[in-house]
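Every number here is computed from the coordinates shown, using simple stated rules; none is lab data. Everything numeric here is computed off the predicted structure, so don't read it as measured data. Cβ placement follows ideal geometry from the backbone for every residue including glycine, while neighbour counts extend to all protein chains displayed.
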Amino acid sequence: MKDLQPDDRFPATREEDGVRIEIGFVGEPSGRLLSCVSTPSGDTRAGVVMCPPLHADFAKNYRNEVLLGWALSQAGFAVIRFHYRGQGHSDGDAEDITLDSLRADVRTAVEHLVARTGVSRIAFFGCRLGAFIASTAAALYEGAPLALWEPVVDPSSYLREALRARLIGDIKDDVAQRESAQELALGLKRSGHVDIHGYPIHNKLIESLQGRTLAEELGDGWRPVMFLHMGRGEKMRAEHRTVTDGLTAAGLPVDVHHVSADVGWWFRGAAQAREQVDQLAAEAVATTTNWMGTKYTEIGASR
Amino acid sequence: MIENAIRQFITEELNTDGSILSDDYPLLERNVLDSLGLFQLVGYLESEFGVEVQDEELIPQHFGTIRDIAQLLRSKSA
């Protein structure tokens, strides 16, 4: 791995507990991404590109991803976390986000991680819609390990879930002029977006995802996959089971893990106790870090 | 009994004092159910009772009290 030299482009750096963190803006001047690269102080096993989720999930899972990035770097990985264009601190507008723009942003993140750290082996992580995006990206990198948290396997069900969350929120808010799911879907097309608890979902993104599934995006190239699902019971949702069974039947080594937590992705509420949130983070981070470690057991080698 | 099952779920999973939860206690009005709790409750009803709560059934009248929720479930199995 390269020795990281100070770079004026990344004035925000920090070193602590054997991890160096470097924050800055990367990519084309016309559309820069906020990126956070964390590297171990010693040799690096590989690089991990963390693809965040979108909308309410982005905020909900943010801290978990900060902790995961840190843990991975402490375990010897160079990690890049970033914000897509149109989200967070990156340039661009949310209404312009499409599958193509998300893929391009992942490419930018990969290129920056490789250029900055010299890693030659890349793994991918993604949560929720970020898992869908990570899968489309990983498909371009032969054998790249892929760690998925609660992946969106069918974007049409993601939209339905979002609309349902809106309907449930409207119950609680006792909204006088409640719109039906059908009206919300029509409004999405008519006005170009629908508001889900303060997070607009834009029609451009939905249309770019239409008809796609995670399994198809991932393709049939061999790679190890970690599939972490979260829920009150250990039983996987049917849509997740279909994907893991399909990947296994195609010969991919799939490790399924469960974290007992009712995340309620579109919601923030008192019903989620602090200790439950912390436990979810600790379990998910440890499971993923351990799994990634088994894929790169030595410096410069992979299993 | 359906009402008791619902009451138990709200008590145990949504951290509520079950002693106040009569069948007619106003769950929404008294903030026993916030939106996350509602979401979790709907998930519980669907998995526990094998029903699908349709989008058009997600209205306050069906979730105002334990009696309302039970009535919704009974209507779906009728």
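Data table
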item: Range of Cα positions in the stretch B:1-48 per principal axis (Å), largest first; result: 25, 25, 16
item: Length-normalised contact order of chain A in % [C-alpha pairs under 8 Å, at least 6 apart]; result: 18
item: Fewest-first sequence of B:S19, A:S73, A:S180 by Cβ atoms within 10 Å of each Cβ; result: B:S19, A:S180, A:S73
item: Using alpha-carbon coordinates, inclination of helix A:56-74 to the longest axis of chain A, degrees; result: 10
item: Cut-off under 5 Å, modelled amide H: who pairs with A:F77 long-range; result: A:R45
item: Taking the stretch A:134-252 and dividing mean pair separation by its residue count, relative contact order in percent (alpha carbons under 8 Å, at least six apart); result: 41
item: Relative intensity, log₁₀ I(q)/I(0), of the protein assembly as shown from a Debye sum that treats every alpha carbon as a point, q = 0.07 Å⁻¹; result: -0.34
item: Cα→Cβ-extended label distance, 7 Å offset, between A:S30 and A:T13, nm; result: 3.1
item: Listed residues A:V49, A:A75, A:L113: farthest to the positive end of the dipole of the stretch A:26-141 (Cβ charges); result: A:A75
item: Environment charge of A:R128, counting only residues whose C-beta is closer than 14 Å and scoring Lys/Arg +1, Asp/Glu -1; result: -4
item: Across A:K172/A:K204; A:K60/A:K235; A:K60/A:K204, pairs whose alpha-carbon gap is larger than 25 Å; result: A:K172/A:K204
item: Ellipticity estimate at 222 nm from DSSP helix runs (n ≥ 4, -39,500 (n - 2.57)) divided over chain A, nearest 500; result: -13000 deg cm²/dmol
item: Rounded tilt (10° steps) of A:129-138 against the dominant C-alpha axis of chain A; result: 40
item: Antiparallel bridges, percent of DSSP beta bridges restricted to the stretch A:179-284 (to nearest 5); result: 35
item: Computed magnitude of the charge dipole of the stretch A:44-190 (debye, nearest 20; Cβ of K, R +1, Cβ of D, E -1); result: 400
item: The stretch A:1-103, relative contact order in percent, only Cα pairs under 8 angstrom and at least six apart counted; result: 26
item: Computed [θ] at 222 nm, helices only, for chain B once each DSSP H run of length n ≥ 4 contributes -39500 (n - 2.57); result: -16000 deg cm²/dmol
item: Tilt relative to chain B, helix B:35-49 - C-alpha long axis, 0 to 90 degrees, to 10; result: 50
item: Bridge type composition, the protein assembly as shown - antiparallel percent by DSSP, nearest 5; result: 45
item: For the stretch A:1-95, alpha-carbon Rg and Dmax in angstrom; result: 13.5, 41
item: Hz values of 3J(HN,Hα) by residue in the stretch A:236-250 - Karplus curve (6.51, -1.76, 1.60), Gly and Pro given as x; result: 6, 5, 4, 5, 6, 4, 4, 5, 5, 5, x, 5, 5, 5, 7
